[in-house]
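Every read-out reported here was derived from the displayed coordinates using simple, explicitly stated rules and does not represent laboratory data. In this text the structure is predicted, and so the values were computed from the model without any measurement. With ideal geometry, Cβ positions are generated from the backbone for all residues, glycine too; neighbour counts draw on all protein chains shown.
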Amino acid sequence: VEPRLVASRASVITPRLTLIVIRDITERERVEQMRRDFVANTSHELKTPVGAVTLLAEAIDSAADDPDQVRHFAGRLTAEALRLGQLTSRIMNLSRLQSADDIAEMRDVAVDEVVTAAIESQGITAEASGITIARGGERGLVVRGDRQILTEAIGNLLANAVAYSPSGAQVGIGVREADDTVEIAVADHGIGIHEDDQQRIFERFYRADQARSRRTGGTGLGLSIVKHAVQRHGGTVELWSRPGRGSTFTIRLPLVRGAEPSAAPKRKSK
Ligand code: ADP
């Protein structure tokens, strides 16, 4: 190779390499910062329910002679323990979705099955609040993804729609094909989301209107999981909302044409 050519190539290549290296370091620092923030937020969020469980256990101990009091504190202890369980499993799911690891199995998935499973997962809660989930739209559409993660994402949207709607209301879920994507929209006529909060509710642990939110006992992680799950599938999530009128969350995922979706895993018969 002619020396002059090498020199001129090097001068072209070196700045680019430097740029790439700098970018790589910046990216690594960003990921590391995210990890540190995540650990800090998470530890902070876990302190409250762990503290409550400890206090309630002590309360039961000191009320040992009063069966009514014991029952009362035991009920609250169970509720806090369930919340703690939900919080930890959501933290684990979110951390998995945020990591660089492969998220399980990407297969052709029937959207109908995912929607059915998500509706079933919210059935009892919806029924308890007298809320009906109305399902509509197109059938037979297929996307590529992880069935369990997609079911959880849509389940989280339905759970919110139910939690932030008045008792007796109707929640809708609709599916349609649009421009090479599958649109899955979850709509409610609930409390709605203030414009200032709309950008922030996808951040982890962010909850609009603390007082009102706290009553529903959420974790502030549901939408963060939705966002990361959808991004991992090459999709998007969009929000329309008006305070007092309701909200519609629309997930868009790349449509798979002409696919035979793989069968859902058989349920174990008892
Ligand atoms: P949470 O467990 O608090 O519901 P999410 O991440 O799922 O956590 O939601 C974040 C916040 O966004 C909620 O606390 C609530 O303030 C708001 N939000 C989410 N979905 C709805 C909805 N369908 N209607 C009104 N507010 C909503």
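For the reader, a short list of remarks on this structure follows.
- Residue pairs meeting the criteria (Cβ under 7 Å; at least 6 apart or on separate chains; first in contact (Cβ under 8 Å) with a residue 40 or more places away in the chain and at positive phi, in segment 231-251; second of a type in the set (D, E, K, R) and within 15 Å of the ligand (Cβ to nearest atom)): 246/188
- Residue among 140, 136, 145 that alone is crowded, with 20+ Cβ neighbours inside 10 Å and in contact (Cβ under 8 Å) with a residue 24 or more places away in the chain: 145
- Filtering segment 139-149 for residues that are away from the ligand (no atom under 15 Å from the Cβ), closer than 23 Å to residue 38 by Cβ and of a type in the set (A, V, I, L, M, F, W, C) leaves a non-empty set.
- Considering residues of segment 179-198 that are more than 12 Å from the ligand (Cβ to nearest atom) and outside any strand (DSSP E or B) only, the residue farthest from residue 118 (Cα to Cα): 195
- Residues of segment 114-128 that are out of contact with any helix residue (DSSP H, G or I) (no Cβ under 6 Å at 6 or more places or on another chain) and buried (at least 16 other Cβ atoms within 10 Å of the Cβ): 115, 119.
- Checklist (1) closer than 26 Å to residue 34 by Cβ; (2) under 16 Å from the mean Cα position of the chain (by Cα); (3) of a type outside the set (Asp, Glu) applied to residue 158, failing item: (1)
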